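J.: After the structure tokens below, expect a handful of questions from me.
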2 protein chains.
Amino acid sequence: MSERFGWTGKILKVDLSVGAIRAEEIDPSIQGHFIGGRGINAWILRQGLTGSIDPFGPENPLVFGAGPLVGTLIPANGRFNVSSRSPLTTLLGDANAAGLWAPLLKRAGLDGIVFRGISERPVYLFVTEERAEIRDASHLWGKTVSETDQELRREHGQRAHVLSIGPAGENLVRFASIMSDVDRAAGRTGNGAVMGSKRLKAIVVCGKLKVPVADPDKVHSLAQEIKAAMLSAPSYKTRSQLGTPMVILLYNQMGVLPVKNHQTGIFEGAERISGEHLKEKYVTRLKSCYCCPVHCSRYSEVREGKYAGTRLEGPEFETLCFMGSNIGQDELEPILYLNRRLNDLGMDSISTGGTIAYAMECYERGLIGQKEVDGLDLTWGNTDAVIQLVDRIAYRQGFGNLLAEGVRLAATKIRGSDRYALHVKGMEVPGQEVRGLKAWGLGWATASRGGDHCRAFPVMETIWSPQQALAFFGTEKAADRFAYEGKPAMVKWAEDLGAVIDSLGLCKIAYVSLGISPDLIASAYQAVTGVKSDVNQLLKAGERINNLERLVNLKLGLTPSMDTLPARFVEEPLPEGPGKGEVVKIRQMIEEYYRLRKWDLATGYPDDAKLKELSLAR
Amino acid sequence: MSERFGWTGKILKVDLSVGAIRAEEIDPSIQGHFIGGRGINAWILRQGLTGSIDPFGPENPLVFGAGPLVGTLIPANGRFNVSSRSPLTTLLGDANAAGLWAPLLKRAGLDGIVFRGISERPVYLFVTEERAEIRDASHLWGKTVSETDQELRREHGQRAHVLSIGPAGENLVRFASIMSDVDRAAGRTGNGAVMGSKRLKAIVVCGKLKVPVADPDKVHSLAQEIKAAMLSAPSYKTRSQLGTPMVILLYNQMGVLPVKNHQTGIFEGAERISGEHLKEKYVTRLKSCYCCPVHCSRYSEVREGKYAGTRLEGPEFETLCFMGSNIGQDELEPILYLNRRLNDLGMDSISTGGTIAYAMECYERGLIGQKEVDGLDLTWGNTDAVIQLVDRIAYRQGFGNLLAEGVRLAATKIRGSDRYALHVKGMEVPGQEVRGLKAWGLGWATASRGGDHCRAFPVMETIWSPQQALAFFGTEKAADRFAYEGKPAMVKWAEDLGAVIDSLGLCKIAYVSLGISPDLIASAYQAVTGVKSDVNQLLKAGERINNLERLVNLKLGLTPSMDTLPARFVEEPLPEGPGKGEVVKIRQMIEEYYRLRKWDLATGYPDDAKLKELSLAR
């Protein structure tokens, strides 16, 4: 085999039932087709999955992958992807996180790890460039993420980096997360519960190899060029000072900040939970991810009062929204405390917050009373009750045990609550008010993992100019967030680009929100891997990955009717703000989106010509 | 006096009536207030102007100024400003051009030159770092700009750079231009005629000094940073390949490309006169201005056919529009020929084209016939007639003599034609269809020099995102080109920024169209001059300059009722395209603009508080 760069194709296959580990090499042509990370994960999943696999059964593969740019000098490259059949959606479940774990996996000479089987007792995997071992984790089982990380780094040294699950994953909460370096979450679709079902508490990596790149000089100069482009982006300054929390006041001004289970889009307490207020009172210092000049993350601390001693990396926008406005709560200190607790329990803040908001609306409307919720007062903004409920979900106690199933299953138990269970394909929707952001609405409906904003991440709708929209999507209206024109084209393009960025191991905030030219990404890919490429080929690979994921989902039971939005967004007009009276005409956008994708509206399958074009088999 | 950097304050005062030259120094506090270039020009003009000065009389000062960044390493810095009382508008007339003249003026140790008086016989000024001489130009009088430039560079060497006028300026055509390096035009408001009235044929500069800067290392690193920001701008690629002609197809798609004297905004022949077609067939190589990485200019050549041998730098968008779509003409070769000829005659292509379009519409509507136009057939698109008419205007022959006065005066002679004389304050309007670009409409109406797009240059309306618009102007609608909300705030901001950029000697294409952060401009200003500054102080200086220009105009007879648009744009709905049915509600925008500027709607004067804030006297 000729020398390979960036993504060398080496993955570990670990069978936890029998305790076997072997290394395998993936063919370069597969890499050329699916890039790495998220793309290769989906390809691996497709080999073994059938519609009858139990997400918590031994046959469900749990796949970790780091893309070709991870561990190089290309900015903002440290992300990995984890994939399996989701216990929340029963479809393709995958999530993506930062931290130093992925660069160190690459420095151990690996591009991915696939787990199958179920261990008899709790274990963790320890990986270096020289060996991989399954080790006993009985002493860690039951421990929080912070405790687990601390203990494992005490054992393996500070150069080791840790992925781990907390009690929520152990207890099979359907939206349990996998945590990286304690506070970075592969949060969505419940991969933490899949990890828990395998009794795999953690994966520790520690590597010293250099990631080989094809053209080191070119990689170096491109890294400089990309960095300069990031620093000169118009939103760089705000983003580098406030991070994603900058969105709170912006969304509120736009009337699209979710409030009280997405009942409206304007929150009275927005200033109080804003990124500006956070920075002024609680941020201790800014933080960069691996090789990233944007440093949009930050450390926060509560120094006095009831929550004194709370320290964490974060919070991000979604947590501010889901532990704040969307449950009618306008104080930062409990948000910081809850974020710390959610990370330690290993539980997704969006799905947890969405589930609690659902319960609070049921409570407000009298569908459940204090008796059904074990004596808690689930009035909007009652933080003390939320703090208790979060633990009850993680430990599956009483009413918490019902919510641990997610809103879709909970709604089968609470009569008349279906309308308030805001999910797509079983996954709770994230922190946008899509009646005022039509492209995001379409993106939720088409996302391969259900109610999600990160597959499409169509920020172009508000951060691109009408002129850019015209050039890319054929109509200036694509830059009007209330208009429908051009949105299917925007979402398709953004999903394809997003699949590329995820698969390479880059960050969408750094590349998409800051508007870095996809040409630069293509150049970086070529300089690292030595594979001749351009932006069109890369976007074609992104399209291939989206179609592959669709084929996986169809195999797992997806039907086209699931590509839709909760009734609230389609039928109830937005009550106030700039988008007052708006709903989302989702059907018309879906039909155009299917036409652009060459997907059949009846079966959901790509047509034969598209499959052939993408070299995919049905 | 302590050492001064960037703008050292040295200007020449030349009295052409008596042949006297003396150097003067301008006080640093004046520079701090008005920056340089355009700002200082307006300040100089204000000293001597009264409402009774004849634009062609000896007392009208003709002021040339180059700003503090000219001649440094800061990218795209080579522009100068020329100002006088305009013979076209009788108000403040100033224009701005590139070429190497301004950097060489700075390298001769000068920041500006003020001409007064009228020479008895044709002369030119020759300036080096050692001397300034008024020289005889009898041998050049009557010559074209190309011939003049060639002759003067033969005499003074290729390191000399030349500003000159052509026959149009000599013949006092009210829209005669001053040409820099042959093909760069200080085109608008007729300064070429003022120069002609003084019998000043040219100004030759040749300097060897270094422009002193306060912090050379910082200037160097900022130059790198600004260059990197330009190279990574989203529109860099297209702009660097096509230049301003990229706008032809874009405007046509948007339905805002002026056609047949602004009768509509969609042109059938747009492809044929597009920047893409130009590049494919006629462009021989790209060209950079002084210190500019954008190289948006280009050399073109016609190699065969009727116009073979035509060579020029250009054409720019406005010429493509005014010698193309706006006179119903869809061939590139005659446009290239006409551009060459206009430059050689020294005549503004916008006003010339607008005046001819006006004549063609009068002809179409039967207000004039072949008899009145000396036998020409002024049917739309009749290039041969246009070629003849252009020369007849420059030499003031027959009907051309009437058109040489501009549309406002011509319309007093052609009965019933007032509606087709498209001007603001006497200057012909430029190449946008403002019914589909409301901010540009407002910018035309408020521009201190009349129908002009470069004072405000509110490209933010289409190249900014709704989110940027919200952050800067309080409403996402400011990024909707059909909406009125936020437009007065946008135009005020853009005019203030524009005054800064003009006064510094920078290029709006490179800085505003490519979205370079004004913070970087402030840093550059500080590094060059050593004057502590930030973006707010600089924008305040921009506001001061706009108010100063307003005071000059009020002194020269401006009334608030002149801040308006031709009836065509206010009363006739746009007949087709995305903006079908649109007009410009100019009055409501003007009223808000006045409120934001703190200008009195009855008198047009800034209120006392604003004057005090800006340290200006009424």
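The values are calculated or read from the model by the stated rules, or taken from the named source; none is laboratory data. Computed from a predicted structure; not experimentally measured. Here the Cβ positions follow ideal geometry from the backbone for every residue, glycine too, while neighbour counts run over all protein chains shown. Remember, those area values only see protein heavy atoms, side chains included, never the ligands or the DNA or RNA. Shrake-Rupley method; radii C 1.70, N 1.55, O 1.52, S 1.80 Å.
J.: When the accessible area of each residue in the range B:494-523 is compared between its chain alone and the complete protein assembly (1.4 Å probe; ligands, DNA and RNA ignored), which residues differ by at least 10 Å², being lower in the assembly?
T.: The answer is B:G515, B:D519.
J.: Quick check on the range A:237-426: take the gyration tensor over C-alpha atoms, sort the square-rooted eigenvalues as a ≥ b ≥ c, and tell me if it's rounded (a/c under 1.5), prolate or oblate.
T.: Details: a/c = 1.93, a/b = 1.66, b/c = 1.17.
Prolate, because a/c is 1.5 or more and a/b exceeds b/c.
J.: Still on this model: Taking a label point 7 Å from Cα toward Cβ, how far is B:Q588 from its twins in the other copies, in nm, shortest first?
T.: Nearest to farthest, the other copies are at 2.5 nm.
J.: With the other protein chains left in place, how much accessible area per residue, in square angstrom, belongs to chain A at a 1.4 angstrom probe?
T.: 33 Å²
J.: In addition: If you plug each phi of the range B:294-306 into the Karplus form 6.51 cos²θ - 1.76 cosθ + 1.60 with θ = phi - 60°, what whole-Hz ³J(HN,Hα) values come out, in order, with x for Gly and Pro?
T.: These are the phi-based 3J(HN,Hα) values: 7, 5, 8, 8, 7, 9, 10, 8, 9, 9, 9, x, 4 Hz.
J.: Let me understand the range A:516-558 better: what is its radius of gyration from the alpha carbons, and its Dmax, in angstrom?
T.: Final numbers for Rg and Dmax: 13.6, 40 Å.
J.: Name the residues of the range A:446-475 whose accessible area falls by at least 50 Å² when all protein chains are present instead of the chain alone, probe 1.4 Å?
T.: Listed in order, they are A:T462, A:P466, A:Q467, A:L470.
J.: Carbon and sulfur together cover what percent of the accessible area of the protein assembly as shown at a 1.4 Å probe radius?
T.: Carbon-and-sulfur percentage of accessible area, whole number: 49.
J.: Could you calculate, for the range B:80-128, the ratio of the Cα radius of gyration to the Kirkwood radius, expressed as Rg to Rh?
T.: Ratio of gyration radius to Kirkwood radius for the range B:80-128: 1.01.
J.: Using R₀ = 60 Å, calculate the FRET efficiency as 1/(1 + (r/R₀)^6) where r is the Cβ-Cβ separation of B:E3 and A:R415; round to 0.05.
T.: Working: r = 84 Å, r/R0 = 1.40.
According to the calculation, E is roughly 0.10.
J.: Determine which chain A residue has its Cβ at minimum distance from the rotation axis mapping A onto B, giving the value in whole Å.
T.: Residue and rounded Å distance to the axis: A:A228, 2.
J.: While we're looking at this one, here's another question. In nm, what is the difference between 0.36 nm times the number of residues separating A:A214 and A:S29 and their Cα-Cα distance?
T.: 64.9 nm
J.: Can you give me the solvent accessible area of B:R107 with a 1.4 Å probe, rounded to the nearest 10 Å²?
T.: 80 Å²
J.: If I model a spin label at A:E301 and B:N536 as a point 7 Å from the Cα along the Cα→Cβ vector, what separation in nanometres do I get?
T.: 3.0 nm
J.: Looking at the range A:336-434 from every direction and averaging, what is the projected area of its Cα convex hull in nm²?
T.: 6.1 nm²
J.: Using helices alone, what [θ] at 222 nm do you get for chain B, with -39,500 (n - 2.57) per DSSP H run of 4 or more residues, divided over all residues and rounded to the nearest 500?
T.: -11000 deg cm²/dmol
J.: Still on this model: B:R272 versus B:D374, label points 7 Å from Cα toward the beta carbon: distance in nm?
T.: 2.8 nm
J.: Mind listing the phi-derived Karplus ³J(HN,Hα) values for the range B:279-286, rounded to whole Hz, using 6.51, -1.76 and 1.60 with θ = phi - 60°, and x for any glycine or proline?
T.: Going residue by residue, I get 5, 5, 9, 10, 6, 9, 7, 7 Hz, with x marking Gly and Pro.
J.: Then there's this: Could you give the C-alpha radius of gyration of the range A:553-608 expressed as a fraction of 2.2 N^0.38 Å, taking N as the number of residues it contains?
T.: The value comes to 1.41.
J.: How would the range A:10-206 be classified by its alpha-carbon gyration tensor: rounded, prolate or oblate, with rounded meaning a/c under 1.5 and the a/b versus b/c comparison settling the rest? If you can, show how the numbers build up before the last one.
T.: Details: a/c = 1.37, a/b = 1.05, b/c = 1.31.
Since a/c stays below 1.5, the shape of the range A:10-206 is classed as rounded.
J.: Sorted from largest to smallest, which semi-axis lengths in Å does the alpha carbon gyration tensor of the protein assembly as shown give for its equivalent ellipsoid, taking the root of 5 times each eigenvalue?
T.: Whole-Å semi-axes of the equivalent ellipsoid: 63, 30, 29.
J.: Could you pull out every residue, at least 5 positions away or on a different chain, whose amide H is within less than 5 Å of the one on B:K287? Hs are placed 1.01 Å off N in the peptide plane, and Pro or chain starts have none.
T.: B:S297, B:R298, B:Y299
J.: Highest mean first, what order results for B:252-265, B:444-457, A:167-180, A:200-213 on Cβ atoms within 10 Å?
T.: A:167-180, B:444-457, B:252-265, A:200-213
J.: Something else now. Take every Cα pair under 8 Å in chain A that's 6+ residues apart, average their separations, divide by the length, and report that relative contact order as a whole percent.
T.: Details: 1504 pairs, mean separation 97.2, N = 618.
Relative contact order comes out at 16 percent.
J.: Please report the relative contact order for the range A:10-206, taking Cα pairs under 8 Å with a sequence separation of at least 6, and give it as a percent rounded to a whole number.
T.: Reported as a whole number, the value is 23 percent.
J.: Does chain A classify as rounded, prolate or oblate by the C-alpha gyration tensor (a ≥ b ≥ c root eigenvalues; a/c under 1.5 gives rounded; else a/b over b/c gives prolate, otherwise oblate)?
T.: rounded
J.: Accessible area lost on pairing B with A, both sides, 1.4 Å probe, Å² to nearest 100?
T.: The contact between A and B buries close to 1800 Å².
J.: Any chance you could look up the accessible area of A:R419 with a 1.4 Å probe, heavy atoms only, rounded to 10 Å²?
T.: 90 Å²
J.: So, one more: Extending each Cα 7 Å along its Cβ direction at A:A308 and A:A20, get the distance between those two points in nm, one decimal.
T.: Between A:A308 and A:A20, the label points sit 5.8 nm apart.
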